[in-house]
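Structure record follows, encoded as structure tokens.
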Amino acid sequence: MRATLHRRCMQAVTNDNFGPLIAYLVPGATVLAGLSNFSPTLKSWFAIGPTESPSIGGFLFLTLAAIAAGMTVSAIRWAAVDTLHGWTGLAIPSLDFSRLGTNVNAFVLLIEIHYRHYQFYANMLVATAIAYGCYRLSLGGVFGLRWIDVAFFGLEVVFFATSRDTLSKYYARSQQLLSATLCGDTAPSEGNRQSSPTEIATSVSGEPVPVAQQTPAASGPVSGKPFEAE
């Protein structure tokens, strides 16, 4: 039974569901693993005992509960980790989604290769902290540092650093793709802007000259005299 469920899970993982799997299901399962210290029902869903085997019903309930827990973790991450990144200089870029028309596939690719991984690292930062807190509570109190405590703090540092790196890359590349200040939206630069007659006269003499004195009347094609004189 265990081998059958494992094989079905591996067959169900595709490029289409890999992002949500790592963004929500894995962090949610991590939280549930921590909570299983206080719930025999959760422990039976995980089938942690060596003589136990997971049931179809237990596997289904575990999957649904892990998704719900993962979505909750993601909300906590939005409120805590995203805010912390924003306070420390990683601001949300200004994007022009009117450019999205021909760039949809490129933007989806950025989400899959950057933002989904950010969700995993940042959500695991929260989920691991919750699971560690449950582990500590299951011990009945706070004791001296063990190897698992050192591993927890080291893992949290890695999760925070990688979440910041992936979010920074997502922000930078999505801004390159959908920036509101790309060519065509900005005012002409000083080097490319056409100067008005008044500005040309002022730049030469230092004093503004009336437009009538700057632009002579056009000459006629035959006599060379102004049109109004012909």
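Values quoted throughout were computed directly from the atomic coordinates according to the rules given, and no laboratory measurement underlies them. It should be emphasised that the depicted structure is a prediction, and the values quoted were computed from it without experimental measurement. Every residue, glycine among them, receives a Cβ derived from its backbone with ideal geometry; neighbour counts consider all protein chains shown.
Applying 1/(1 + (r/R0)^6) with R0 = 22 Å to the Cβ-Cβ distance of residue 113 and residue 17, what FRET efficiency is obtained, to the nearest 0.05? Before the final figure, lay out each step's value.
Details: r = 15 Å, r/R0 = 0.70.
Computed FRET efficiency for residue 113 and residue 17: 0.90.
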(request) Based on the mean of other Cβ atoms within 10 Å per residue, sort peptides 13-23, 87-97, 111-121, 73-83 so the most packed one is first. (result) 111-121, 73-83, 13-23, 87-97
(message) Taking a ≥ b ≥ c as the square roots of the Cα gyration tensor eigenvalues, with a/c under 1.5 meaning rounded and otherwise prolate when a/b beats b/c, else oblate, which class fits region 2-178?
(response) oblate
(request) Calculate, in nm to one decimal, what residue 153 and residue 60 gain on full extension: separation in residues at 0.36 nm each, minus their alpha carbon distance. (result) 30.3 nm
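Count the net charge of all other residues whose Cβ sits under 13 Å from the Cβ of residue 112, scoring Lys and Arg as +1 and Asp and Glu as -1. Don't skip to the end; give the middle numbers.
Details: positive: 116, 169, 173; negative: 16.
Once positives and negatives cancel, what remains is +2.
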